[in-house]
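Take a look at the structure below.
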Amino acid sequence: MARPVRVVVLGSGSWGTTVAKLAAHNTPTLLWSRNPETADEINTEHRNTRYLGEHELPESLRATSDILEAANEADVLVVGVPSHAIRSTLSLISNEVRAWVPVLSLAKGLEPGTRQRPTEVISECLPGHPVGLLAGPNIAREIADGLAAASVVATQDADVATALQPLFASKVFRVYRNTDVLGCELGGVLKNIVAIASGMADGLGVGDNTRAMVLARGLAEMTRLGEAMGANPRTFAGLTGVGDLIATCMSPASRNRRVGEAIARGLTVDEAVEKLGQVAEGVKTAPTVMELARDHGVEMPIAAEVEAVVAGRKTPEDAYRGLRKVQPGGEDEVA
């Protein structure tokens, strides 16, 4: 009888822990936490109170703070640390992960400096491994609570994606597959910036019509940049594009939306992030996205206004006044 596939998740934040919970219902799963106290709590109390409150985790889910133990156990490796920490984390285990072990990213940001997507960083750190991502409109606490949701396993090899799908699926969590890794990954990166704009709309009280306009035009910006970089524009009409955008812009649990709302209500960016207590990828990603937009000759007025706010050059009020100054053309055109 074949040994079951062992899934290892690196990173015990809310989403990493939730993905580990999903996998633990299907196959032996180990969750690595940088914090030994968190690992002990998961093993003894079957909870991760810092990120998921009193939500109960499966007794079958094991945790460790020993990253070498985690790397050596993995048949499938899931990287759930923030995008800026991927390289430093994987450098610790680059010689420990067995050959050909598939690696999935959960991160939705860009590496500062290199402007590389998480899958690109992983491919550099772990050459020769099939690399993809698990992404979609996934608010961690809702999925942990058993509410219905869906996600996408995106890899260039459809056979690898097909093999990975059942490891994370459940009766209420559907897992689709897609070979457009670039498009799926860019959707997760870019929607965070639009979510900050959506949060600022809430904080300023500009109304639902304005927020709907920002979401729709934000999706157009995401699609334009994605297509210019070589992604399939149809991907942005799916779960990792408009689906993730809606969830991140509308949910009260969305970190990027909450940061935007806090900034619009008078907090500085640093104060908003500190109050959040978690990583809001859009704050770090906005300047890098604007560099990509300039490199590819793509106009992104919403992203430009958000970047100006994050950098401290504009207030949220200035940003929304700036958007009103953009001269509208045809709906399929830039503005």
- prompt: Of the residues that sit in region 161-181 and are out of contact with any Leu (no Cβ under 9 Å at 6 or more places or on another chain) and buried (at least 20 other Cβ atoms within 10 Å of the Cβ), which one is nearest to VAL5 (Cα to Cα)?
  reply: ALA161
message: Of the residues VAL326, VAL298, VAL306, only one is hydrophobic (A, V, I, L, M, F, W, C), modelled with pLDDT of 90 or more and surrounded by fewer than 21 Cβ atoms within 10 Å (Cβ to Cβ); which?
response: VAL298
statement: Subset of region 14-62, residues under 23 Å from the mean Cα position of the chain (by Cα), modelled with pLDDT of 95 or more and among the small types (Gly, Ala, Ser), comes to GLY16, ALA20, ALA23, ALA24, SER33, ALA39
Subset of region 110-132 (residues that are crowded, with 16+ Cβ neighbours inside 10 Å, among the β-branched types (Val, Ile, Thr) and over 16 Å from ASP180 (Cβ atoms)): VAL121, ILE122
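Conditions (1) open to solvent by less than 60 Å² (accessible area, probe 1.4 Å); (2) assigned to a helix (DSSP H, G or I); (3) of a type in the set (Val, Ile, Thr); (4) closer than 18 Å to THR285 by Cβ, marked per residue:
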| position | (1), (2), (3), (4) |
| --- | --- |
| VAL152 | yes, no, yes, no |
| CYS184 | yes, yes, no, yes |
| VAL194 | yes, yes, yes, yes |
| ALA197 | yes, yes, no, yes |
| ALA231 | yes, no, no, yes |
- request: Give the residue, chosen from GLY203, GLY207, GLY188, that is of a type outside the set (Lys, Arg), in contact with a strand residue (DSSP E or B) (Cβ under 8 Å, 6 or more places away or on another chain) and modelled with pLDDT under 95.
  value: GLY188
- request: Note down all Cβ pairs under 8 Å where the first residue falls in region 192-208 and is more than 17 Å from ALA247 (Cβ to Cβ), the second is of a type in the set (D, E, K, R) and open to solvent by 10 Å² or more (accessible area, probe 1.4 Å), and they're at least six residues apart or on different chains.
  value: MET200/GLU261; GLY203/GLU261; GLY203/ARG265; LEU204/GLU317
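Please work out if ASN43 is assigned to a helix (DSSP H, G or I), of a type outside the set (A, V, I, L, M) and open to solvent by 10 Å² or more (accessible area, probe 1.4 Å).
Here the answer is yes, as ASN43 does meet what is asked.
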field: Condition broken by GLY146, with the remaining ones in (1) open to solvent by less than 10 Å² (accessible area, probe 1.4 Å); (2) part of a loop (DSSP other than H, G, I, E, B) satisfied
entry: (1)
query: Among the candidates ALA140, ALA107, ALA135, ALA85, which residue alone is without any contact (Cβ under 8 Å) to a residue 60 or more places away in the chain, open to solvent by less than 30 Å² (accessible area, probe 1.4 Å) and under 18 Å from ARG255 (Cβ atoms)?
result: ALA85
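With respect to VAL9, is the statement that it is part of a loop (DSSP other than H, G, I, E, B), touching a residue at least 24 places away in the same chain (Cβ under 8 Å) and either within 19 Å of GLY136 (Cα to Cα) or over 17 Å from the mean Cα position of the chain (by Cα) (or both) true?
Here the answer is no, as VAL9 does not meet what is asked.
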query: For the subset of region 84-107 comprising residues that are more than 19 Å from PRO127 (Cβ to Cβ) and out of contact with any strand residue (DSSP E or B) (no Cβ under 7 Å at 6 or more places or on another chain), which member is modelled with the highest pLDDT?
result: ALA85
query: Quick one: is LEU57 in contact with a Lys or Arg (Cβ under 6 Å, 6 or more places away or on another chain) and either farther than 19 Å from ALA140 by Cα or not aromatic (Phe, Trp, Tyr) (or both)?
result: yes
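The values are calculated or read from the model by the stated rules, or taken from the named source; none is laboratory data. What you see is a predicted model; the values in this text were computed from it and never measured. Because the Cβ atoms are built from the backbone with ideal geometry, glycine has one as well, and the counts that use them run over all protein chains shown. For the accessible areas, the whole protein counts, side chains as well, though only heavy atoms, and no ligand, DNA or RNA atoms are used. Shrake-Rupley method; radii C 1.70, N 1.55, O 1.52, S 1.80 Å.
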